[in-house]
Amino acid sequence: MYAIVNIAGQQFKVAKDQQIFVHRLQGDEGASIEFDKVLLAEDGGKFKLGADLTSAKVSAKIVSHVKGDKVIVFKKKRRKGYKKKNGHRQQFTKIEITGITL
């Protein structure tokens, strides 16, 4: 059984006991959260979508809050003496899917 769910503006294919990294979510480590924007669900070869999923929910537990890899942004215009260097580390939340209810 798996489901495609909308979490923080992105779509993820999730299954029970799977761990994924999503954009930073509000909540403490160990807290449980629910996502009700289920777009598609598969259960034993039968697919459900649209009006069939009005009461579907995906429950998860926050494992930890982490930072992603550093991304270096370097801009340069040749022969003009212009150089600009920036860095960025994205904030992520690691969650574990605890259950899918249809």
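The values are calculated or read from the model by the stated rules, or taken from the named source; none is laboratory data. Small disclaimer: the values here were computed from a predicted structure and weren't measured. Every residue, glycine among them, receives a Cβ derived from its backbone with ideal geometry; neighbour counts consider all protein chains shown. SASA here: full protein model, heavy atoms, side chains in, ligands and nucleic acids out. Shrake-Rupley method; radii C 1.70, N 1.55, O 1.52, S 1.80 Å.
Tally up the residues in region 5-39 that are of a type outside the set (Asp, Glu) and not in a strand (DSSP E or B), please.
Taking region 5-39 first, the residues of a type outside the set (Asp, Glu) are 5-16, 18-27, 30-33, 35, 37-39.
Filter again for not in a strand (DSSP E or B), leaving 8-9, 16, 18, 24-27, 30-31, 37.
Of the residues in region 5-39, 11 are of a type outside the set (Asp, Glu) and not in a strand (DSSP E or B).
Within region 27-54, residues that are farther than 17 Å from Met1 by Cα have Cβ atoms under 9 Å from residues that are exposed (fewer than 10 other Cβ atoms within 10 Å of the Cβ) in these pairs: Ile33/Gln26, counting only partners at least 6 apart in sequence or on another chain. For region 1-58, the candidate set comprises residues that are more than 13 Å from the chain's Cα centre (by Cα) and basic (Lys, Arg); within that set, the residue that is farthest from Thr101 (Cα to Cα) is Lys46.
Taking the condition modelled with pLDDT of 95 or more, open to solvent by 50 Å² or more (accessible area, probe 1.4 Å), on the phi < 0 side of the Ramachandran plot and of a type in the set (D, E, K, R), does Asp69 pass? Considered against the rule, which asks whether it is modelled with pLDDT of 95 or more, open to solvent by 50 Å² or more (accessible area, probe 1.4 Å), on the phi < 0 side of the Ramachandran plot and of a type in the set (D, E, K, R), Asp69 comes out as yes. Specify the residue that is nearest to Lys13 (Cα to Cα); the eligible residues are those in region 40-92 that are part of a strand (DSSP E or B) and among the acidic types (Asp, Glu). So, considering only residues that are part of a strand (DSSP E or B) and among the acidic types (Asp, Glu), the one nearest to Lys13 (Cα to Cα) is Glu42.
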